[in-house]
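Taking it in order: structure first as structure tokens, then the write-up.
The values are calculated or read from the model by the stated rules, or taken from the named source; none is laboratory data. The structure presented is a predicted model; accordingly, all values stated were derived computationally and were not measured. Please note: Cβ atoms are built from the backbone with ideal geometry, for glycine as well, and neighbour counts cover all protein chains shown.
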Amino acid sequence: MTKQPKLRLGTRQSPLAVAQAEEARERLCQAHGWDEADIELVKVRASGDKIQDRPLADIGGKALWTRELDIWLAEGKIDAAVHSMKDVETIRPDSLTIAAILPREDVRDVLIGARSIREIPQGARIGTSAPRRAAQMLHQRPDCSIVSFRGNVATRLAKLSAGEADVTLLAAAGLNRTNRQGTGTALDPAEWLPAPAQGAIGIECNTADAQTRAFLAAIDDAPSRHSVMAERAMLGALGGTCHSPIAVMTTRDGEMLALRAAIFSADGYERAEGTIRMAPGDMAAAAGLGRDLLSRAPISITKLFEGG
């Protein structure tokens with residue numbers, strides 16, 4: 001007789017998404033003394049994985065990563081869904097709860113194709129579909145041009161090898177989780193800010209499902225939750241969309257958190273930046289940083305935000 005799983009975890013089918021779901025399963029097994037068979041991984045092909053030839057912002061934004069998993073949660077086909085938190089919409093339905101955030105991985109971006117931003121060849125083509133990466137690169141290297149680059153880690157590395165761009169940027173966390181450590185050069189966050197919630201895995205479940213919420217609470221990492229939720233609160237105040245170039249770095253400062261954030265014009269020419277110290281859990285302070293950035297930004301930046 002087949003053993004019934006204690007928990008059904010939904011995940012996208014990409015190799016990185018599956019690796020993240022496997023990490024979630026391993027942590028749950030360790031926390032509860034379960035066998036691997038107690039947790040079933042249920043794979044779905046997300047809309048964002050089906051459409052690879054257009055920028056995410058042009059085809060529906062972050063909802064393309066969560067839509068199918070949201071439906072399966074509502075229909076009871078899965079008990080929880082594993083997400084890259086940087087791909088999860090800032091505003092989520094009340095019916096869903098982010099019940100666990102795993103210990104955050106390396107938040108940095110990795111430059112591939114050159115040893116540093118300064119050493120990128122003059123006039124190089126930068127392969128990225130992320131407005132943050134494009135604007136931040138053009139801010140530092142206005143001589144370069146941007147080439148649209150979408151796909152999973154392996155796809156983008158293959159496109160780079162095929163000469164579709166001279167340089168690209170990938171998240172260190174994604175490279176590490178797909179066993180590509182040491183690929184490229186990790187960029188110093190003091191000079192190159194990562195994306196909000198980059199490197200964080202979140203697990204979401206139905207708010208009314210008290211048992212699953214309790215299972216997941218056992219693997220929730222408080223420091224990672226504090227930083228990710230602060231960055232998401234700032235995002236919410238900014239009214240950012242997939243067209244909005246937003247970069248942020250959260251670090252521990254004793255008992256406090258330090259948030260340093262920047263927003264850019266699409267061409268990277270203009271930038272508004274700010275830093276705050278806040279108590280963990282003080283979402284109002286994080287939101288205040290977002291509002292402050294918008295209040296000081298020129299129209300070339302604010303027009304890229306819903307509240308601008």
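When we screen Ser148, Ser116, Ser129 for residues that are in contact (Cβ under 8 Å) with a residue 40 or more places away in the chain and closer than 30 Å to Leu73 by Cα, the only hit is Ser129. Please go through region 273-288 and pick out each residue that is within 21 Å of the chain's Cα centre (by Cα) and more than 10 Å from Ala230 (Cα to Cα). Passing the criteria: Glu273, Gly274, Thr275. Exactly one residue out of Arg260, Arg291 is out of contact with any Pro (no Cβ under 8 Å at 6 or more places or on another chain), closer than 28 Å to Leu102 by Cα and in contact (Cβ under 8 Å) with a residue 12 or more places away in the chain, and it is Arg260. Of the residues making up region 205-231, just one is surrounded by 24 or more Cβ atoms within 10 Å (Cβ to Cβ) and either without any contact (Cβ under 8 Å) to a residue 12 or more places away in the chain or among the charged types (D, E, K, R) (or both), namely Glu231. If I filter region 114-134 down to residues being in a loop (DSSP other than H, G, I, E, B) and over 18 Å from Glu191 (Cα atoms), which single residue comes out as modelled with the lowest pLDDT? Taking the candidates together, the pick is Ser129.
Apart from one condition, Met234 fits all of (1) in contact (Cβ under 8 Å) with a residue 12 or more places away in the chain; (2) surrounded by fewer than 18 Cβ atoms within 10 Å (Cβ to Cβ); the exception is (2). All but one of (1) closer than 28 Å to Ala24 by Cα; (2) aliphatic (A, V, I, L, M); (3) modelled with pLDDT of 95 or more hold for Ile91; state the number of the condition that does not hold. With respect to (1) closer than 28 Å to Ala24 by Cα; (2) aliphatic (A, V, I, L, M); (3) modelled with pLDDT of 95 or more, Ile91 is out only on (3).
Of all residues in region 112-156, those that are among the basic types (Lys, Arg) and touching a Cys at 6+ places or on another chain (Cβ under 8 Å) total 1.
Within the group Ala262, Ala210, which residue is modelled with pLDDT of 95 or more and over 17 Å from the mean Cα position of the chain (by Cα)?
When all the criteria are applied, what remains is Ala210.
If we keep just the residues of region 152-182 that are crowded, with 17+ Cβ neighbours inside 10 Å and polar (S, T, N, Q), which is modelled with the highest pLDDT? This residue is Thr168. All conditions in (1) surrounded by fewer than 19 Cβ atoms within 10 Å (Cβ to Cβ); (2) touching a strand residue (DSSP E or B) at 6+ places or on another chain (Cβ under 9 Å) hold for Glu191, with the sole exception of (2). All conditions in (1) over 21 Å from the mean Cα position of the chain (by Cα); (2) buried (at least 20 other Cβ atoms within 10 Å of the Cβ) hold for Thr250, with the sole exception of (1). Just one of (1) at pLDDT 70 or above; (2) assigned to a helix (DSSP H, G or I); (3) in contact with an Asp or Glu (Cβ under 6 Å, 6 or more places away or on another chain) fails for Trp65. It is (1).
Looking only at residues in region 85-113 that are assigned to a loop (DSSP other than H, G, I, E, B) and of a type in the set (Gly, Ala, Ser), the one that is nearest to His226 (Cα to Cα) is Ser95. Taking the condition at pLDDT below 95, in contact with a helix residue (DSSP H, G or I) (Cβ under 8 Å, 6 or more places away or on another chain), crowded, with 18+ Cβ neighbours inside 10 Å and not acidic (Asp, Glu), does Val107 pass? The answer is no for Val107.
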